[in-house]
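What follows is one structure encoded as structure tokens, with my remarks underneath.
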Number of protein chains: 2
Amino acid sequence: MNIYEVLGMFAAIITTASFLPQVYKTWKSKDTKALSLTMYIAFFIGVSLWTVYGFYLNSLPMIVANTITAISTLILIRLKLKYK
Amino acid sequence: MNIYEVLGMFAAIITTASFLPQVYKTWKSKDTKALSLTMYIAFFIGVSLWTVYGFYLNSLPMIVANTITAISTLILIRLKLKYK
């Protein structure tokens, strides 16, 4: 692993970690009013495409970060549909 | 440009576009109460690292998407500091 791959790993950890508090907050509060369903569905499609693109680039940080973010977004979408 | 690079470009457009409404909303409302400064600073560092990593991977979608997101995040941080 070279220095750029280490930077990519840090990027993956930081941006993924900054998304998780939103998931946790929504999970706990069940308050999904402020969340836009359309935006989250679009975002889910976007991070899924990043994951596919990550496989193409053979980039572990991209695959790991976007898979976790895609799953988190699916959880938010499910909460939104359940508590709307 | 092959099919994977097209997917990457779509990923870039979708995830960047889904971040911009937040910037616009905050810009208009000047309401930054719900935004966590720490989280946005961390996120700014994260997307900056993704940009550097994008240069390393020679990936135009990653460079463009993360540069725009980094600038947007800087705007949010500046609004947060100005209207806190």
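Descriptive notes on the structure:
- Flag if residue A:16 is over 16 Å from residue B:12 (Cα atoms), facing chain B (nearest Cβ under 9 Å) and at pLDDT 90 or above: yes
- Residues that are more than 19 Å from residue A:64 (Cα to Cα) and of a type in the set (A, V, I, L, M, F, W, C) within region A:16-34 comprise A:27, A:34, listed in sequence order.
- Test: residue in region A:69-84 that is more than 25 Å from residue A:9 (Cβ to Cβ) and either under 11 Å from the mean Cα position of the chain (by Cα) or not in a helix (DSSP H, G or I) (or both): yes
- When residues in region B:40-56 are screened for being more than 13 Å from the chain's Cα centre (by Cα) and either surrounded by fewer than 20 Cβ atoms within 10 Å (Cβ to Cβ) or under 16 Å from residue A:43 (Cβ atoms) (or both), 3 of them pass.
- Residue A:42 under 17 Å from residue B:12 (Cα atoms) and touching a residue at least 12 places away in the same chain (Cβ under 8 Å): no
- Members of region B:30-57 that are within 9 Å of chain A (Cβ to nearest Cβ) and not in a helix (DSSP H, G or I): B:34, B:36
The values are calculated or read from the model by the stated rules, or taken from the named source; none is laboratory data. Nothing here was measured: the structure is a model prediction, and the numbers come from that model. So basically every Cβ, Gly included, is an ideal-geometry build from the backbone, and we count neighbours across all protein chains shown.
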